[in-house]
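Enquirer: Let me begin by handing over the structure; questions about it come next.
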Amino acid sequence: MLMLALALAAVSPDPDYRQDSSWLCRPGRQDACAQDLTATVIAADGSRTIEKFEAAKNPKFDCFYVYPTVSLDTTPNSDLTRGPEEMRVIQFQAARFGAKCRVFAPMYRQVTLTALRSVMAGGSPAIDRDMAYRDVEAAWNDYLAHDNKGRGVVLIGHSQGSLMLTQLIGRAIEGKPAQKLLISAMLIGSNVPVLEGKDTGLFLTVPLCRAADQTGCIVTYASFRANSPPPADSRFGKGDRSGTEAGCTNPAALGGGSAVTRDYLVTAGSLLGGTDAPRWTSDGKPVTTPFVRVPGLLSAECVRKGGFNYLAVTTHADAADPRIDDIGGDVRVGPTVLASWGLHLIDMNVAQGDLIALAEKQAKAWAAKH
């Protein structure tokens, strides 16, 4: 009881989303979304071009982003002080959407990476998932009251962020006035249960997206290497009960089948921190931009296999191609790859260009209806 009391005492006070400091990203200011997003594009012949990022000058829709488990705070739930890990995840996942939309990204008292690692090691930290959700709902309500003004909005989340937004849809959006504002919900790196072979399940009126002009729907997947499907103990890619499965929608081919993805891979490091920069080409020439694109190297397809439904990512290695023949993204403990996590660290990056293009198409379809 003493440890629980100490943990609860260390929790930050409820956030005030009227304060700029409670947001990682808000429109009209220089903040976490203003980081360098320059990408080096490496063609199949090894030639390189530089792709500059250009933020939208007058975006017509909004993006509301909730980040995954990244906090390195030592308490079970994080405080509301931004650290390098929160800045990093914004750069890796959210800021590039600013090419098409206004990005709103609240801080929230998430369950920390410290707590997650403790749970995985058999511990039982005093985590408070309800508190994390309350923060996200409070940020959403503040956004609706002061910023939305009838604009369409795309919800974007990854991992824990997707879980928060899944709850938000169920508690505060479906069947509520806010549902008419929903362009789509991109709930990446988590399980959205649907009836087997169907597009609805957890939600009755918010189905999976199956076309680029469909709105009020969900884009979701968990990615695994095509040659390393989910093992039996994987937490991703499966339903929550008999008769259900995890929804899978390939943003590069919503109608089904395989398609080359538009990737934005991180040059070095990962959501979990810094790692050595890989050799992106056989000549060992360094990539000096924070992002790299390798057009045609990756393709993806939603696959049902072994009781799982997941996004299978294929790397088209070619001995004659001077580019890297493999990509990172695995979760590791030391040298050991945790196969049950798949490509969780780059779920969004393997198809980020497709997600952004899809958000723009869906926003135009939403605007035409409204």
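Just so you know, all these numbers are worked out from the coordinates, no wet-lab data involved. As the structure is a computational prediction, the values presented were derived from the model and not from experiment. Here the Cβ is made from the backbone with ideal geometry for all residues, glycine too, and neighbour counts use every protein chain on show.
Enquirer: Which is the longest run of the chain containing none of the GluC sites (Glu not before Pro) found in DSSP loop states (not H, G, I, E, B) with at most 14 other C-beta atoms within 10 Å?
Expert: On the way: sites that count: Glu54, Glu196.
It works out to 197-370.
Enquirer: Looking at the chain as a GNM with Cα springs under 10 Å, which of Asp62, Asp213, Asp263 has the largest mean-square fluctuation?
Expert: Among Asp62, Asp213, Asp263, the largest GNM mean-square fluctuation belongs to Asp213.
Enquirer: With a cut-off of 8 Å between alpha carbons and a minimum separation of six or more residues, what is the relative contact order of the range 205-320 in percent?
Expert: Working: 194 pairs, mean separation 33.8, N = 116.
Worked out over the range 205-320, it gives 29 percent.
Enquirer: In deg cm²/dmol, rounded to 500, what helix-only [θ] at 222 nm does the chain give when every DSSP H run of at least 4 residues adds -39500 (n - 2.57) and the total is split over its residues? Provide the component values of the computation, followed by the final result.
Expert: Details: 6 runs with 64 residues, N = 370.
Helix-only estimate at 222 nm: -5000 deg cm²/dmol.
Enquirer: Can you check what the net charge comes to around Glu360, using other residues whose Cβ is under 10 Å from the Cβ of Glu360 (Lys, Arg +1; Asp, Glu -1)? Before the final figure, lay out each step's value.
Expert: On the way: positive: Lys60, Lys100, Lys361, Lys364; negative: none.
Net of charged neighbours comes to +4.
Enquirer: Collect residues whose amide H, placed 1.01 Å from N in the peptide plane, falls under 5 Å from the amide H of Val70; neighbours closer than 5 in sequence don't count.
Expert: Under 5 Å from the amide H of Val70: Leu113.
Enquirer: On to the next question. For the chain, calculate the relative contact order in percent as a whole number, restricting contacts to Cα pairs under 8 Å that are 6 or more residues apart. Each step should come with its number before you reach the end.
Expert: On the way: 810 pairs, mean separation 65.1, N = 370.
In percent, rounded to a whole number, it is 18.
Enquirer: Turning to a different aspect of this structure: Ser159's amide H: which non-local residues (gap 5+, or another chain) put their own amide H closer than 5 Å, with H modeled 1.01 Å from N in plane and none for Pro or chain starts?
Expert: For Ser159, whose amide H was placed from the backbone, the distant partners under 5 Å are Ile188, Gly189, Ser190.
Enquirer: Just the ratio, please: alpha-carbon radius of gyration of the chain over 2.2 N^0.38 Å, N its number of residues.
Expert: Working: Rg = 19.8 Å, N = 370, 2.2 N^0.38 = 20.8 Å.
So the Cα radius of gyration is 0.95 times the expected 2.2 N^0.38 Å.
Enquirer: Evaluate the relative contact order of the range 214-261 (contact order divided by residue number), counting alpha-carbon pairs under 8 angstrom at least 6 apart; express in whole percent.
Expert: 34 percent
Enquirer: Using modelled amide H (1.01 Å from N, peptide plane; none on Pro or chain starts), what sits under 5 Å from the amide H of Leu24, excluding residues fewer than 5 places away?
Expert: Residues meeting the criterion, in which the H sits 1.01 Å from N, are Ala105, Met107.
Enquirer: Holding the Cα-Cα limit at 31 Å, pick out from Lys57/Lys369; Lys100/Lys176; Lys238/Lys369; Lys285/Lys361; Lys198/Lys364 the pairs that are longer than that. Working shown, then result.
Expert: On the way: Lys57/Lys369 23 Å; Lys100/Lys176 26 Å; Lys238/Lys369 34 Å; Lys285/Lys361 37 Å; Lys198/Lys364 26 Å.
Flagged as over cut-off: Lys238/Lys369; Lys285/Lys361.
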